[in-house]
Structures are given as C-alpha cells and as structure tokens.
Amino acid sequence: MNIVTVNTPGGSYPIHIAAGRLDALAHSIPGNATAIVVVSNTTISSLYGERVRQALASTAKPLVFIDLPDGEAYKTWDTLNLIFDRLLGHQLDRKAVLVALGGGVVGDICGFAAACYMRGVRFVQVPTTLLAQVDSSVGGKTAINHPLGKNMIGAFYQPLAVEIDTDVLASLPAREISAGLAEVIKYGMIADATFFAWCEENVDALRALAPQAIHHAIKRSCEIKAQVVSQDERESGVRAILNFGHTFGHAIESGLGYGQWLHGEAVGCGMVLAAELSAQVHGLDRTIVARVRALVKAIGCPTQAPDLGAQRWLDLMRVDKKTEGRVFRFVLLPELGRAQVDVVPDAQLETILARISVGQGV
Ligand code: NAD
Ligand code: GLY
C-alpha cells in the first residue's frame, strides 16, 4: 500500500492506495463514531455495496446505506435534502461518519452534506472512478450544481481519509477510464515533465489498467495534487493551475450540453487548446504542443474542438471562476511541467477560435 499525505489548515489526512482496499475500510472509521452512513448511487451500490457492508461489519456500529440516483443531473438541492432527510430520520448525531462510495458526483454531494449536517460531521472519501481517485476525492472541494451554474453551491471541507481501491476500476466503462486519464496526464503537463514522458511510454498499460502502471499513475497524481492543495487549500493562488484545460473544457461541456462529452474528455481537448494558446502567448515549443495532442489522442479523448462559433466560445468562457471583470485568465504552460495563470487578451483567443471555425484542427 502507498500512503500520500495532504496537509491543509482544514485538516491533514492520508490517501491510502492499494488493490483490495475496500476490504480494509473499517480502519478509517474513528472509534468514537456513533453510526456509519454510506452514501453511494444505485449503480455502484449494486456492484460494491455488499462488500462494503461486510468490510464495515467488524466495527459493530449502526450502518445506514443511502443510494442516490446515478448521474450529474442529480447533483442538486433535492438530492442533498434526501440525504438530510435520512440522516435526521435516523436521528443521527454529530459523531456519525459519512462514507462517500462513488465517483465525483457522489463524492462532491456527500462531502457537501457532511460539511452542512449539524454544521459539520466527519466523512471518508472512497472514490470508485479513476477521475475521482486522482482528482475529485482529494483536496476538499465539495459542491452541488445550481440551474444557473455547475458546482456553484459548495464548501471547502476536507475528509478524514481517502481510501483508493485500484481493483474497482475494473468495472468502469473504457470511456470513463479515458476521461480519468485526462486528469492524470494533466499533472505531468503542469508539474512533472518526467511523469508526462512516463505516461507517453505507458499509455497502453494505463488504458488496459495494468496494475503496476495504474497504481503508479494514481500515486503520482495524488502526490502532485496533495502538494498543490497543501500550499493553497482555498485556491487563492497556485491551486488554480489544477484547472489547466478546464476553461476551454467547461465551455465545451456547457456549449454542447452537459453529458454529450464527459468532463475528462472536454478537459483533454481543452488541454490541447491551452497548449496551443501557450505556444502563442509564451512561445511553448511546437513539439511540446504536438506531444500534448498525441497523448490526449492516445488516451482515447477527443482532440478536435467542436465549432461552437467564436462569440459563443467567448461568452461561455467568461463564466469561468478565474475570470475577473471581463478579463480572461488562463492556465498556460511556459514550458512542459510548469504552469501559471495569465491574463490573455481577447485578440489572442480570437486567433485560436478562428482556426477552430475554419476546421484547421485545433
Ligand atoms: P460520476 O461520479 O458521474 O461517475 C461516472 C459513472 O461511473 C457514473 O455512472 C457512476 O455511477 C459510474 N461508476 C462509478 N464508479 C464505478 C465503478 N467502479 N464501476 C462502474 N461504474 C462506476 O463521474 P466522475 O467522472 O467520477 O466525476 C465527475 C464529477 O466530479 C463532476 O460532478 C465534477 O464536477 C466533479 N469533480 C469534482 C472535483 C473536485 O475537486 N471536487 C474535481 C473534478 C471533478
Ligand atoms: N479539480 C481542481 C481542484 O481540486 O482544485
């Protein structure tokens, strides 16, 4: 097993990474917990619910399962309230511990429920998608969506621990693996050129979930995320670099309609665009841009940006949380393995957007 530690003012906690870790879940439940509430969804619960029930039985604590409907469409106030209804219905006190068993949707909503219930109860993240294992379960961002914006209602709230079982990835659809790998290769681009090169060499093993390769990729991703989050829990500075590719990616998701492209697919394509923009603004070597594009393609994500129309692209990207006033701010790469946030003039963006609209393959 590997252990990565996250140190933040909101709490320090371990990320445990191991095959079969689900069976050891009882270790992450504090002795003074009065009850354990496993929040999951119908898909994941039918695959792993019974195993988790057995793993937690040794704690001899009251166990409640809450199965939410599956999908981003349910990351809402109504679903959050459903969790509160059950917690209050069972008269659970402040020493109850929540367990988020699922992908990023379950993790974000369960984390937010934990932050709010009785002004805060403890919770454990048990991420079951690759994206959740390398990104959303680490760092304490929790949220639900509002009809007017994704992840707009939420809190920074750190878990007690993150328990990663690499075996559960075996039941994930291939498209979800590709989407998770987009976030993995992102860490190489923004913080570790050697890791990027390792991903290039091991891309087939990663897509096939070869145990050693996937374990290393998750560990290195968690190390980089933990290091960034430990420096800047609340994203007042360096944490923004974790959003490399996301400004373009969010525009794709919302421009095409949520659910058309997976979040990781949109981020993959967004990273190609952000690398192109880095070449324009910082003179990033064109061979690096080509390597970024080739690796995004090799992991199975789209590299051809959809033509949303230049004005619509600009309108969609202005909704980004990094935008200040009407000025665009992008995470860019001055070189492979180093990222920074830059103000980008509209004219620079329009050059790239014009190339998309004439189908030049950006
Ligand atoms: P998801 O949670 O919707 O999971 C994808 C699908 O895979 C779902 O249908 C789910 O039921 C299924 N699934 C999960 N684990 C499975 C398994 N082991 N086997 C078979 N099927 C399984 O999607 P996601 O990509 O994990 O997360 C996306 C969400 O994460 C978005 O809401 C996004 O906003 C959020 N997010 C949050 C952060 C953060 O820092 N908090 C970072 C990135 C993304
Ligand atoms: N996924 C970006 C962050 O956690 O900051």
Residues that are aliphatic (A, V, I, L, M) and under 19 Å from ALA274 (Cα atoms), drawn from the stretch 163-222: ALA179, LEU181, ALA182, VAL184, ILE185, MET189, ILE190, ALA191, ALA193, ALA197
Contacts under 7 angstrom Cβ, first residue in the stretch 259-271 being closer than 25 Å to VAL341 by Cα and in a loop (DSSP other than H, G, I, E, B), partner among the hydrophobic types (A, V, I, L, M, F, W, C) and open to solvent by less than 10 Å² (accessible area, probe 1.4 Å), 6 or more apart: LEU262/ALA179
Any hit, the stretch 53-64, residues being open to solvent by less than 40 Å² (accessible area, probe 1.4 Å) and under 23 Å from the mean Cα position of the chain (by Cα): no
Qualifying positions in the stretch 205-224 - open to solvent by 10 Å² or more (accessible area, probe 1.4 Å), assigned to a helix (DSSP H, G or I) and touching a residue at least 24 places away in the same chain (Cβ under 8 Å): ARG207, PRO211, HIS215, LYS219, ARG220, GLU223
Strands (runs of 3 or more DSSP E) contained entirely in the stretch 39-158, each with at least 3 residues that are more than 16 Å from ligand 2 (Cβ to nearest atom): 63-68, 96-102, 122-127
Every residue from the stretch 155-173 that is more than 8 Å from ligand 1 (Cβ to nearest atom) and touching a Ser or Thr at 6+ places or on another chain (Cβ under 9 Å): ALA155, PHE156, TYR157, GLN158, PRO159, LEU160, ALA161, VAL162, GLU163, ILE164, ASP165
Within the stretch 78-104, tally of residues that are under 19 Å from LEU22 (Cα atoms) and within 14 Å of ligand 1 (Cβ to nearest atom): 5
Long-range neighbours under 8 Å by Cβ, at least six apart or interchain, first residue acidic (Asp, Glu) within the stretch 54-79, second open to solvent by 50 Å² or more (accessible area, probe 1.4 Å) and in a helix (DSSP H, G or I): ASP67/THR42; ASP70/THR42; ASP70/THR43
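The values are calculated or read from the model by the stated rules, or taken from the named source; none is laboratory data. Predicted model, so just to flag it, every value in this text is computed and none were measured. Virtual Cβ from ideal backbone geometry, glycine too; neighbours counted across all protein chains shown. Surface accessibility is based on the protein's heavy atoms, side chains included, excluding ligands, DNA and RNA. Shrake-Rupley method; radii C 1.70, N 1.55, O 1.52, S 1.80 Å.
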